[in-house]
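Here the structure comes first, spelled out in structure tokens, and everything after it is commentary.
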Amino acid sequence: MEKSKAVANIIAGWFQAAAKGESSYPSKHMSKRAGTLLVGTDPKEWLRGKKAAEFLTAEAKATGGKIKVSLGRVEGWKEGTVGWGMANPTITLPGGKKFQPRWSAVLHKERGRWRIVQVHASAGVSNEQLLG
């Protein structure tokens, strides 16, 4: 296993595109295969295949460059045709509210290009807050 600048760049680009409102980024970098999976912070955000890219494209259009993103830590790794990485950005919404999602992705090399096959976003909540 080794660090991958290419994988890290795709992940960083994801958030840079969201900040600019570039809605084409998900369709360019996500696999359309049936096994592709998006798991978001909302319980309803569990989408597979093309629906995952379509959802993220619609979300990017809705934000329309209205959010600000400070990337924070971004890592990318690879082993053969599999890559994975994470990001911990700070996102500022139009009203000024900030949050720091914990975001990870798995990528697969398809026809020589890295494609995201799994995305997971979560909001860090302490065990005490979640479980009482």
Please give the number of the condition residue 57 fails out of (1) touching a helix residue (DSSP H, G or I) at 6+ places or on another chain (Cβ under 8 Å); (2) under 20 Å from residue 123 (Cα atoms); (3) of a type in the set (Val, Ile, Thr). (2)
Give the range 51-97 a look and list any residue that's farther than 22 Å from residue 2 by Cβ and among the charged types (D, E, K, R), or say none. 51, 54, 59, 61, 66, 68, 97
Taking residue 8, is it within 16 Å of residue 61 (Cβ to Cβ), surrounded by 18 or more Cβ atoms within 10 Å (Cβ to Cβ) and in contact with a strand residue (DSSP E or B) (Cβ under 7 Å, 6 or more places away or on another chain)? no
Read through the list (1) in contact (Cβ under 8 Å) with a residue 60 or more places away in the chain; (2) part of a loop (DSSP other than H, G, I, E, B); (3) of a type outside the set (D, E, K, R), then give the number of the only condition that residue 43 fails. (1)
Can you find a residue that is surrounded by 13 or more Cβ atoms within 10 Å (Cβ to Cβ) and at positive phi anywhere in the range 13-36? yes
List pairs: first in the range 103-132 and under 30 Å from residue 28 (Cβ atoms) and free of Cβ contacts under 8 Å to residues at least 60 places away in the same chain, second aromatic (Phe, Trp, Tyr) and surrounded by 12 or more Cβ atoms within 10 Å (Cβ to Cβ), Cβ under 8 Å, 6+ apart or cross-chain? 104/84; 106/84
For the range 50-132, list the strands (runs of 3 or more DSSP E) that sit wholly inside it and hold at least 2 residues that are crowded, with 18+ Cβ neighbours inside 10 Å and among the β-branched types (Val, Ile, Thr); which are they? 113-123
Select from the range 8-33 the residues that are assigned to a helix (DSSP H, G or I), at pLDDT 85 or above and among the aliphatic types (A, V, I, L, M) and write down the one among them that is farthest from residue 104 (Cα to Cα). 17
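Please state which one of 57, 36 is modelled with pLDDT under 85 and out of contact with any His (no Cβ under 6 Å at 6 or more places or on another chain). Reasoning before the result, please.
On the way: 36 fails: modelled with pLDDT under 85.
Sole residue among the options that is modelled with pLDDT under 85 and out of contact with any His (no Cβ under 6 Å at 6 or more places or on another chain): 57.
The values are calculated or read from the model by the stated rules, or taken from the named source; none is laboratory data. Worth saying up front: this structure is predicted, and the values here are computed from it rather than measured. All Cβ positions, even for glycine, are placed from backbone atoms using ideal geometry, and neighbour counts span all protein chains on display.
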